[in-house]
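Enquirer: What follows is a structure written as structure tokens; I'll ask about it next.
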Amino acid sequence: MAKKALISKNEARGKDNLGYRVAEVVEVGSEFDVKEPELFWVECADTIVEDDYWYDPNTSTFKKMPSGVDAAATAGIISKDANGNPTEKYQWNWDTETWSKVSL
């Protein structure tokens, strides 16, 4: 079935906070009246989940929000120096929607 996402312009999300929060996702026909322009409905794929995605108004697309790092799937544990201090960190890539390790 088709779905619609309720977008909240009052809640910045995404890369450089240039997008908006997906506040709710409902089946088409289940939308309710909202106070525009602060809130508005946009058609979305069935895979879009509230708060797991953000809406990019520049491209009219939905993008994934960062979630917890899966160290096993993201090149393993963070390296440390002889004193036990981290020498790298995980960084979210907004374009590829993936975590990667970068040197400190």
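Enquirer: Apply the Karplus curve 6.51 cos²θ - 1.76 cosθ + 1.60, θ = phi - 60°, to the phi angles in the range 95-104 and return the couplings in whole Hz, x for Gly and Pro.
Expert: Per residue, the Karplus-derived 3J(HN,Hα) values read 7, 9, 6, 9, 8, 8, 8, 10, 6, 8 Hz.
Enquirer: With θ set to phi - 60°, apply the Karplus curve 6.51 cos²θ - 1.76 cosθ + 1.60 along the range 76-93 and write out the HN-Hα couplings as whole Hz, x wherever there is a Gly or Pro.
Expert: Per-residue couplings from phi come out as x, 6, 5, 6, 10, 7, 4, 8, x, 7, x, 10, 8, 9, 8, 9, 7, 9 Hz.
Enquirer: Any idea what the relative contact order of the range 3-64 is, in percent, if you count C-alpha pairs under 8 Å spaced at least 6 apart?
Expert: Values: 122 pairs, mean separation 24.9, N = 62.
Once divided by the residue count of the range 3-64, the mean separation gives 40 percent.
Enquirer: Return a whole-number percent for the relative contact order of the chain, with Cα pairs under 8 Å and 6 or more residues apart as the contact set.
Expert: On the way: 191 pairs, mean separation 23.1, N = 104.
Computed value for the chain: 22 percent relative contact order.
Enquirer: Can you give the charge dipole size of the chain about its Cα centre, rounded to the nearest 20 debye, using +1 on the beta carbon of Lys and Arg and -1 on the beta carbon of Asp and Glu? The partial results should precede the final answer.
Expert: Numbers: 12 positive and 19 negative charges, 90 e Å.
That gives the chain a dipole magnitude of about 440 debye.
Enquirer: In addition: Going through the cross-link list Lys15/Lys80; Lys4/Lys35; Lys15/Lys63; Lys35/Lys64; Lys15/Lys35; Lys35/Lys63, which pairs have a Cα-Cα distance over 19 Å in this structure? Before the final figure, lay out the partial values.
Expert: Numbers: Lys15/Lys80 29 Å; Lys4/Lys35 16 Å; Lys15/Lys63 10 Å; Lys35/Lys64 25 Å; Lys15/Lys35 25 Å; Lys35/Lys63 24 Å.
Among Lys15/Lys80; Lys4/Lys35; Lys15/Lys63; Lys35/Lys64; Lys15/Lys35; Lys35/Lys63, the Cα-Cα distance tops 19 Å for Lys15/Lys80; Lys35/Lys64; Lys15/Lys35; Lys35/Lys63.
Enquirer: Which cross-chain or sequence-distant (5 or more) residues have an amide H under 5 Å from the amide H of Glu24, H modelled 1.01 Å from N in plane?
Expert: Result for Glu24 returns Leu6.
Enquirer: Work out how much length Ala82 to Asp46 would gain on full extension: take 0.36 nm times their residue separation and subtract the Cα-Cα distance, in nm to one decimal. Spell out each step's value before the answer.
Expert: Details: separation 36, 0.36 × 36 = 12.96 nm, distance 4.83 nm.
Taking Ala82 through Asp46 to full extension adds about 8.1 nm, to one decimal.
Enquirer: So for the chain, what percent of the C-alpha to C-alpha distances run longer than 23 Å?
Expert: Across the chain, Cα pairs with separations above 23 Å total 40 percent.
Enquirer: Direction-averaged shadow area of the convex hull around the Cα atoms of the range 3-64, nm²?
Expert: Values: hull surface 15.0 nm².
Approximately 3.7 nm², given one-decimal rounding.
Each value in this text was obtained by applying a stated rule to the coordinates, not by laboratory testing. Predicted model, so just to flag it, every value in this text is computed and none were measured. Please note: Cβ atoms are built from the backbone with ideal geometry, for glycine as well, and neighbour counts cover all protein chains shown.
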